[in-house]
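This report concerns only the one structure given below.
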Amino acid sequence: MFKLLSPKRVLFCCVLSVCTLGAKAQEFGGNPPSINWRQVNTPAARVIFPNGLDSVGLRVASIISQMNGAVKPTIGTKQKQVNILMQNQTIISNGFVMLAPFKSEFYLTPDQNSFELGSLTWSDQLAIHEFRHVQQYNNFNVGLSKVLHVIFGESGQLLGNEIAVPDWFFEGDAVFNETHVSEQGRGRLPYFFNGFHGLWDANKDYSWMKLRNGSYRDYVPDWYPLGYMMNAYGREKYGPMFWRNVTHDAAAYHNLFYPFEHSVKRYSGLSYPQFRNDALGYFKKQIATPAEKVVGPKYKKNQHFIADNEYPAVVNDSTVIYVKSSYKKIPAFVIRTGNKEKQIRAKDLSLDRHFSYHDGKIVYASYRPDLRWGYRNYNELKVIDVITGEQKKLTSRSKYFSPSFSDDGKTIVAVQVDPSGKSKLHILDAENGRLIAEVPAKNGVFYTYPKFYGSDKIISGIRNPQGKMTVATIDIKTGSIDNLLAYDIAPVGFIAVQKDTVYFTATTGMNDRLYAVSIPDKKLYQLQSDTLKYGIGNYEPSVAGNKLAWVSFSAYGYQLHQADKQSLQWQPVDETYTKRVLSDYNITALKKDSAADLLAKVETQPFKVSKYNKLHNFFNFHSLLPDFEDPNYTLSLSGENVLNTFQSALSGTYNRNEGYKQFGYDAVYGGWFPYVSAGADYTFDRKGYYRGESIYWNEAQIHAGASVPFNFSSGQHSTYLSIGSSAYYNTVNFQSAYRDRFADQSFVYLNNSITFSNSMQQAVQQIYPHLAQAVTLNFKKGVINADNYQFLATGNFYFPGLANSHNFVVALAHQQRSQNTVIDFSNDFPFSRGYTVYNLYKMDKVGVNYHFPIAYPDAGIANFIYFLRIRGNLFFDYTKGQDFYTDGSPYKGNFRSTGMEVFFDTQWFNQAPITFGLRYTHLLDEDLGSHGPNRIELVVPLTIF
């Protein structure tokens, strides 16, 4: 934390924090060394992939090569090769491009939900979306952004770009590209627009800043659909070059203040607010028409978000089980009979809310990371007894999705996804998780949401390699597939089966509706009622007895609906179902040039596949980075290789506690089971206390060590343990004023550390988890030519407060060092707030904190700073110190302080999260280093980059 800073310094720190936005997704040393990497090297991209994924790597390289030329003009013609690293060990469906260092990563496991991300082959979808980000960064290196690039490296350009060009443009433009060059894309999927549909239906006219920054009380869609609507409208109204002109001027800072807003006005002739209103209004007229007015519960005026109720499972005509999650409570399984709701059990960490129910049992997939390798994780099946709430683990180190019980409850079917991205159906014993049968996917299809149909068949949603979908029966013994519907580019999913009828959701025009198909004769029906007709999507159907349950979207959370099957209208659907066309929402720009639907025309090219050298561009210095984490203020030249196994930095540091200056080089290699680190540095003006007197010296040191990070996270807890040890060789040269009293020396010491953290899940409005622990132990000990030592132990323990969003936090610390030594180790003891920091022989601290929310303003100033939450903390610190006077007599001192902190959780520039605060401290004891008992400080708990 910083003490009082000048306004310019505070603004500088806040601005630089923007550069963290693109660098949070990757895992250092996340892949085991056994992976052999291959590559396809083209001018536009070096595609790097694990051995065995040659066909995927060639396909991605071919898409990028052909797409790059076709869509370049709409963003610019500059090209710099990007490294694309394809990750196949993770079960997460994701991808990103980062600028510092310039690289991209594709997480290759497809998602089960085709309505959310689409049904295109997942690696194809990643290629057409993520490479658009590459083109953006390549062409935004202009003007002032380029100057920052020259000074600070790639992070400098990132800083310039992300202040000038809003995040909604980056993602909206990429979604437009994926929609433009494919037959599908999120810009044609109703699910993608549900958030704004819900707001408009509820007449929630949020301010622009609230739409951009979100809320702790109300549902606000993220910047992806917002960005798409803005991008699509700009293309439609002003032509394909509009955004190229706007973003190039903005990134170059043709106007120093609000460059993007001025550029929009320059090329549209409209003020920025008017342009925004026109863009959103264009889509509102199509999506939230009076004919589509939602029929649902009546909510009181200004009602905030209530809860998501998802994946209902009908138990009987009066009872339903579902997953409930709100901003105040973590997700949990609940059972509702009539109007009475009871929690069964909190849900473990999971990638989605899906579960299956049968005869008092719940089965679902629980997320668990690998013990060591960050890019390797699992979906393990868990079974819950509804009556007792007891849970048991059915599988270990598995990668299962969408599990479902058989009709007799003795077996479970789940989708197994291999590292190749191919799917299989696994039939498991419901008692012990033993694999009974495996059904491979034929012809490259991908299974979603499988359900049993009798004892020998499975019903599943299926995607083919062209991205088209159907619902089909699969014979468990032979794997043969019998389609119940014709393949179509419109997504289908959320399968439910009762007797000879399959219920499912399918995209129809600008909404997702419920359908039913008769298995014996393949007759198709659309289910209709007032609730079904006017709901915002009909998802996750469940049927038992005479009841059908499903959910639809609203601004207050997913609503659960139930109806008697006899009350529904079963409208026969003819062959026109197979000729559905996804809506373009009247964006004709999607079809106006040769790049439209380009993906269907891409042919895989015979590029050369070769071995990727793990030492390629090993140091890769990319950025000059400031890192301000009190008491250390550092400027470093940072490097990182593409595989993210080696990081190094040349740095200069100023330590506020002791006033020393340090220059050095540090490196860490994370490609083996332990991290291996080494470095060297030289320090000026180190300071220590000897018999009440300050002593100064300079020192040089080299070090090497190893550490092992463990991830024990599972169930409802995230748990981490890191154990490390390093050896340091130091040489000490006392400054001239002290050389007649102290001899220069060299010595070796060990720095041993253990860090442990454990926390349960945390709801949106909870400031901290209700239960969490963070403990650090550090022991430094001289072993050659030195007997000095220092032991530091710190711990923070989090508990629930009087209200759900409150936290009671206890902080403990103990430090003890050698007695009567001139040279001391650096002081990292968390001293009582408000006091001058001392490095005494022995120090013990107890801190008590009570954190609570004060207000949720949901308001901002001039599109510059937005206030999400104001929260307070009442605290009391007590440090007890012991040392020795010059004559050797003992010194004992108490350092007690109390006060209050007020923190502001904010967003700057409508996208950079920053927390800062004010602290009032009253000292209960004398502070020998300053005057007066009262302190007011500006607190910036911020680590930059």
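If the Cβ limit is 7 Å and pairs must be 6+ apart or interchain, which residue in the stretch 388-408 that is more than 15 Å from ASP429 (Cβ to Cβ) pairs with which residue that is modelled with pLDDT of 95 or more and of a type in the set (Phe, Trp, Tyr)?
Within 7 Å, the pairs are ARG397/TYR378; LYS399/TYR378; SER402/TYR449; ASP407/PHE452.
Report the residue count in the stretch 69-86 for those that are in contact with a strand residue (DSSP E or B) (Cβ under 8 Å, 6 or more places away or on another chain) and of a type in the set (S, T, N, Q).
Residues meeting the conditions: 2.
Read through the list (1) on the phi > 0 side of the Ramachandran plot; (2) touching a strand residue (DSSP E or B) at 6+ places or on another chain (Cβ under 7 Å); (3) crowded, with 24+ Cβ neighbours inside 10 Å, then give the number of the only condition that GLY118 fails.
In the conditions (1) on the phi > 0 side of the Ramachandran plot; (2) touching a strand residue (DSSP E or B) at 6+ places or on another chain (Cβ under 7 Å); (3) crowded, with 24+ Cβ neighbours inside 10 Å, GLY118 misses (2) alone.
So, in the stretch 607-643, exactly how many residues are on the phi > 0 side of the Ramachandran plot and within 27 Å of the chain's Cα centre (by Cα)?
1
Residues that are at pLDDT 90 or above and aromatic (Phe, Trp, Tyr): find the strands (runs of 3 or more DSSP E) completely inside the stretch 871-945 holding 2 or more of those.
890-908, 912-923
Looking at the stretch 551-568 only, could you name the residues that are closer than 18 Å to THR319 by Cα and either among the basic types (Lys, Arg) or touching a helix residue (DSSP H, G or I) at 6+ places or on another chain (Cβ under 8 Å) (or both)?
HIS561, ALA563, LYS565
Could you list all residues from the stretch 792-824 that are more than 33 Å from the chain's Cα centre (by Cα) and in contact (Cβ under 8 Å) with a residue 60 or more places away in the chain?
GLN819, ASN820, THR821, VAL822, ILE823, ASP824
Let's see how each residue does on (1) of a type in the set (S, T, N, Q); (2) out of contact with any Asp or Glu (no Cβ under 9 Å at 6 or more places or on another chain); (3) surrounded by 16 or more Cβ atoms within 10 Å (Cβ to Cβ):
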residue: LEU568; (1), (2), (3): no, yes, yes
residue: ALA600; (1), (2), (3): no, no, no
residue: PRO606; (1), (2), (3): no, yes, no
residue: HIS616; (1), (2), (3): no, yes, no
residue: HIS622; (1), (2), (3): no, no, yes
residue: PRO626; (1), (2), (3): no, yes, yes
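On the basis of being crowded, with 17+ Cβ neighbours inside 10 Å, of a type outside the set (Val, Ile, Thr), touching a residue at least 60 places away in the same chain (Cβ under 8 Å) and in contact with a helix residue (DSSP H, G or I) (Cβ under 9 Å, 6 or more places away or on another chain), does PHE909 make the cut?
yes
I'd like the full set of residues that are of a type in the set (Ser, Thr, Tyr), surrounded by fewer than 21 Cβ atoms within 10 Å (Cβ to Cβ) and either touching a Phe, Trp or Tyr at 6+ places or on another chain (Cβ under 6 Å) or more than 17 Å from VAL764 (Cα to Cα) (or both), limited to the stretch 322-355.
Matches in the stretch 322-355: THR337, SER350.
Among helices (runs of 4 or more DSSP H) lying entirely in the stretch 147-223, which contain 2 or more residues that are closer than 20 Å to ALA912 by Cα and modelled with pLDDT of 95 or more?
154-164, 167-180, 208-213
Taking VAL764 as the residue in question, decide whether it is surrounded by fewer than 18 Cβ atoms within 10 Å (Cβ to Cβ), touching a Phe, Trp or Tyr at 6+ places or on another chain (Cβ under 8 Å), in the same structural domain as GLY715 (by TED's automatic domain parsing) and over 19 Å from GLU658 (Cβ atoms).
yes
Which of the numbered conditions does ASN758 fail, given that it passes all the others? Conditions: (1) surrounded by 19 or more Cβ atoms within 10 Å (Cβ to Cβ); (2) under 27 Å from VAL708 (Cα atoms); (3) touching a His at 6+ places or on another chain (Cβ under 9 Å).
Single failed check for ASN758: (1).
Could you give every pair whose Cβ atoms fall below 7 Å, whose first residue belongs to the stretch 209-231 and is within 20 Å of ASP858 (Cα to Cα) and outside the structural domain of ILE865 (by TED's automatic domain parsing), and whose second residue is among the basic types (Lys, Arg) and surrounded by fewer than 20 Cβ atoms within 10 Å (Cβ to Cβ), counting only separations of at least 6 or pairs across chains?
Note: pairs meeting the criteria are VAL220/LYS210.
State which residue is surrounded by the most Cβ atoms within 10 Å (Cβ to Cβ) when the search covers only the stretch 432-470 and only residues that are aromatic (Phe, Trp, Tyr) and either in the same structural domain as ALA600 (by TED's automatic domain parsing) or under 19 Å from SER420 (Cβ atoms) (or both).
Once the filter is applied, the top-ranked residue is TYR447.
Rundown of residues vs (1) among the polar types (S, T, N, Q); (2) under 25 Å from ALA490 (Cα atoms), yes/no style:
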site: TRP37; (1), (2): no, no
site: PRO73; (1), (2): no, no
site: LYS80; (1), (2): no, no
site: LEU108; (1), (2): no, yes
site: GLN112; (1), (2): yes, yes
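Give the number of residues within the stretch 74-90 that are out of contact with any Leu (no Cβ under 7 Å at 6 or more places or on another chain) and assigned to a loop (DSSP other than H, G, I, E, B).
Looking only at that region, the number is 9.
So is ASN88 under 30 Å from VAL492 (Cβ atoms), at pLDDT 95 or above and surrounded by fewer than 21 Cβ atoms within 10 Å (Cβ to Cβ) or not?
So ASN88 does not fit the description; no.
Which residue is farthest from the chain's Cα centre (by Cα), if the candidates are limited to the stretch 430-469 and must be of a type in the set (D, E, K, R) and within 21 Å of THR411 (Cα to Cα)?
Checked the stretch 430-469; the qualifying residue farthest from the chain's Cα centre (by Cα) is ASP456.
Could you check LYS3 against (1) at pLDDT 95 or above; (2) surrounded by fewer than 22 Cβ atoms within 10 Å (Cβ to Cβ); (3) not hydrophobic (A, V, I, L, M, F, W, C) and say which number it fails?
(1)
Restricting attention to the stretch 848-880, which residues are in contact with an Asp or Glu (Cβ under 8 Å, 6 or more places away or on another chain) and within 15 Å of ASP925 (Cβ to Cβ)?
THR879, LYS880
With under 25 Å from THR886 (Cα atoms) and at pLDDT 95 or above as the only criterion, which of PHE742, PHE791 stands out?
PHE791
Hey, among LEU148, LEU189, LEU199, which residue is surrounded by fewer than 24 Cβ atoms within 10 Å (Cβ to Cβ) and more than 24 Å from HIS254 (Cβ to Cβ)?
LEU199
In the stretch 780-792, what residues are closer than 27 Å to PHE712 by Cα and buried (at least 17 other Cβ atoms within 10 Å of the Cβ)?
Once the filter is applied, which keeps residues that are closer than 27 Å to PHE712 by Cα and buried (at least 17 other Cβ atoms within 10 Å of the Cβ), the stretch 780-792 yields LYS780, LEU792.
State all residues of the stretch 122-163 that are more than 20 Å from PHE260 (Cα to Cα) and over 23 Å from the mean Cα position of the chain (by Cα); if no residue qualifies, say none.
Passing the criteria: VAL150, ILE151, PHE152, GLY153.
So, ASN751, is that one within 37 Å of the chain's Cα centre (by Cα) and under 30 Å from GLN882 (Cβ atoms) or not?
Here the answer is yes, as ASN751 does meet what is asked.
Based on what the data block shows, is TYR503 in contact with an Asp or Glu (Cβ under 8 Å, 6 or more places away or on another chain), in the same structural domain as TYR453 (by TED's automatic domain parsing) and not polar (S, T, N, Q)?
no
The values are calculated or read from the model by the stated rules, or taken from the named source; none is laboratory data. These numbers come from a predicted model, not from an experiment. Reconstructed Cβ throughout: ideal geometry from the backbone, glycine too, with neighbour counts over all protein chains shown.
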